[in-house]
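Working notes, structure below.
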Amino acid sequence: MSMPQPEGASRTHGGIEPPVGLLAELTHRCPLQCPYCSNPLALVRRSEELSTAEWKRVFDEAAELGVLQLHLSGGEPTARPDLEELIAHARSRELYCNLITAGVGISEARLDALVAAGLEHVQVSIQDVDPEGCDRIAGYPDALRKKLAFARAVRARGLPLTVNAVVHRHNLDRLERMIELALELGADRIEVAHVQYYGWALANRAALLPTRAQLERSLAVVERARRELEGRLVIDFVIPDYYARRPKPCMNGWGRAVITVSPDGRVMPCHAAHVIPGLVFANVRDEPLARIWYESEAFNRFRGTAWMKEPCRSCPRREIDFGGCRCQAMLLAGDPEATDPACELSPEHARILALAEAESQAPPPPFLYRTLAAGRAPREPAPAA
Ligand code: SF4
Ligand code: FES
């Protein structure tokens, strides 16, 4: 997901800006089973989720802290029957409400209720323009038809729409058609994001990494589409880190713009931060959001640049990309203070590039589907494309 830039923040606390966005992971429950899900392998169960009253208090505290944008996410946020009530409450606190959804199983009446509650923007994921490919990735029957009907219903109600297209070796060659589809649906924006390898996606990396040739073709498609569709469709493009030369400024910097609350109330600088050993995440059930943002060890651990080692410490880009992604540094270099191996100045860069080349050219293994019940246990493996 692209994250908002920290503009408009008005209050600082010891030099720390308040967050602009709250990513509220309302639930890990989801009808889809995408093998690139970035949620943790151990998912939060329904009985552990924050209650309606607890989420309302989180929104109150977020608004007081200075948050402007609320991203309602999951899992699938519409799995929460109290979503309308939560949106209405958030709107009463003047939070801008963006729904990030799979777009299946949502009736028109439910959508009307969400709009009436104050929903302002919708992001819907499209796994593929090919119906079979879409079903196979989503692990859900008739997914594409349902998603398209939902997206059209959103536009029919006048809400702005973003299409989230996660791309990988199985669908990247249809990128042109995905962009055309976003245009046909009347979307304002399409986020074409290569899979980021955390959580379930890391477990499925060998099945998902595209080849360099595929990536290069997709770059050309995006460049051409941006030229041709300027003023009609915004195209965001996140390239796969493994082929990058410089890392992405993950989360626009640790503890800088976005605060994430997991379904069970743990407050994290990003949705994957649990992969970093030794970080303790405070819970909104025990502490106010503002204290967690400004004072907790987890949020201050990688704020700013003082924690950096070389080559980041003396690099002119250190306040542009913040040394890349801390979670990826942990997962690939075994050190959360290391330069993100996506950076070609990282001593690990050549190794991960070689790994990407090798994995992407080998026959893809079957997908390990995301399931709530089974942890890492796969469902019926899908045939390789
Ligand atoms: Fe960014 Fe660090 Fe690489 Fe410089 S060395 S470009 S700060 S990741
Ligand atoms: Fe955690 Fe990038 S996903 S810092």
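Please treat every number below as a calculation from the coordinates, not as lab data. Given the structure is predicted, the values throughout are model-derived calculations rather than measurements. For neighbour counting, all protein chains shown are included, and Cβ atoms are generated from backbone atoms with ideal geometry for every residue, glycine included.
What list of ³J(HN,Hα) values in whole Hz, one per residue of segment 197-208 in order, does the Karplus curve 6.51 cos²θ - 1.76 cosθ + 1.60 (θ = phi - 60°) give from phi, with Gly and Pro shown as x?
8, 10, x, 5, 5, 5, 5, 10, 4, 5, 7, 10
Under the classification rounded if a/c is under 1.5, otherwise prolate if a/b is larger than b/c and oblate if not, where does segment 53-181 fall, given a ≥ b ≥ c as square roots of the Cα gyration tensor eigenvalues?
Since a/c reaches 1.5 and a/b is larger than b/c, the shape of segment 53-181 is classed as prolate.
Cα gyration tensor of segment 70-109, axes a ≥ b ≥ c as square roots of the eigenvalues: rounded (a/c below 1.5), prolate (a/b > b/c) or oblate? Working shown, then result.
Values: a/c = 2.16, a/b = 1.61, b/c = 1.34.
Since a/c reaches 1.5 and a/b is larger than b/c, the shape of segment 70-109 is classed as prolate.
Output the antiparallel fraction of DSSP beta bridges having both residues in the chain, as a percent to the nearest 5.
Details: 4 of 36 bridges.
Bridges in the chain that DSSP calls antiparallel: roughly 10 percent.
Among A333, A156, A342, determine the one that fluctuates most according to a GNM of the chain built with springs between C-alpha atoms less than 10 Å apart.
In this elastic network of the chain, the residue with the biggest mean-square fluctuation among A333, A156, A342 is A156.
Please list, or write none, the aspartates and glutamates whose alpha carbon is within less than 12 Å of the alpha carbon of K147, excluding same-chain residues fewer than 8 places away.
D128, D135
For L208, what charge total do you get from the other residues with a beta carbon under 10 Å from its beta carbon, if Lys and Arg give +1 and Asp and Glu give -1?
+1
How many angstrom separate the Cα center of segment 273-288 from the Cα center of segment 116-169?
32 Å
With the chain treated as a Gaussian network of Cα nodes joined by springs under 10 Å, which of E184, E120, E61 yields the largest mean-square fluctuation?
Result: E184 has the largest fluctuation of those listed.
Please name whichever of W293, T101, P131 sits farthest to the positive end of the charge dipole of the chain, dipole taken about the Cα centre and charges placed at Cβ: Lys and Arg +1, Asp and Glu -1.
Toward the positive end, the furthest listed residue is P131.
With +1 assigned to the C-beta of every Lys and Arg and -1 to the C-beta of every Asp and Glu, and no other charges, what is the dipole magnitude of the chain about the Cα centre in debye, to the nearest 20? List each step's numbers first, then the result.
Values: 46 positive and 50 negative charges, 64 e Å.
Dipole magnitude for the chain comes out near 300 debye.
Can you find, among A333, A42, Q69, the residue farthest towards the positive end of the dipole of the chain? Put +1 on the C-beta of Lys and Arg, -1 on that of Asp and Glu.
A333
How big is the dipole moment of segment 34-174 about its Cα centre under a simple scheme where the beta carbon of each Lys and Arg is +1, that of each Asp and Glu is -1, and everything else is neutral? Debye, nearest 20, please. Before the final figure, lay out the partial values.
Numbers: 17 positive and 20 negative charges, 66 e Å.
Dipole of segment 34-174, to the nearest 20 debye: 320 debye.
Rounded if a/c is under 1.5, else prolate if a/b is larger than b/c, else oblate: which is segment 119-261, with a ≥ b ≥ c the root eigenvalues of its Cα gyration tensor?
Note, shape of segment 119-261 comes out rounded.
Using a basic spin-label model with each label point 7 Å from the Cα along Cα→Cβ, how many nm lie between A42 and E176?
Placing both labels 7 Å along Cα→Cβ, they lie 4.7 nm apart.
Using a simple charge model, +1 on the beta-carbon of Lys and Arg, -1 on the beta-carbon of Asp and Glu, nothing else, what dipole does segment 70-146 show about its Cα centre, in debye to the nearest 20?
Here the size comes out at about 160 debye.
Output the relative contact order of segment 10-157, whole-number percent, from Cα pairs under 8 angstrom with separation of 6+ residues. Walk me through the numbers on the way to the answer.
Details: 227 pairs, mean separation 35.6, N = 148.
Relative contact order of segment 10-157: 24 percent.
For the chain, state the average projected area of the convex hull of the C-alpha atoms over all orientations, rounded to one decimal in nm².
Seen from a random direction, the Cα hull of the chain projects 17.8 nm² on average.
Multiplying the sequence separation of A213 and R285 by 0.36 nm and subtracting their Cα-Cα distance, what value in nm do you get? Mind dumping the intermediate values first?
On the way: separation 72, 0.36 × 72 = 25.92 nm, distance 4.84 nm.
Roughly 21.1 nm would be gained on extension.
Place a point 7 Å from Cα of R110 in the direction of its Cβ. Which residues in segment 162-201 have their backbone N less than 20 Å from it?
162-164
When only C-alpha pairs under 8 Å and at least 6 residues apart count, what is the relative contact order of the chain, in percent?
19 percent
Using a cut-off of 21 Å between alpha-carbon atoms, which lysines can reach K248, once sequence neighbours fewer than 8 places away in the same chain are excluded?
K309
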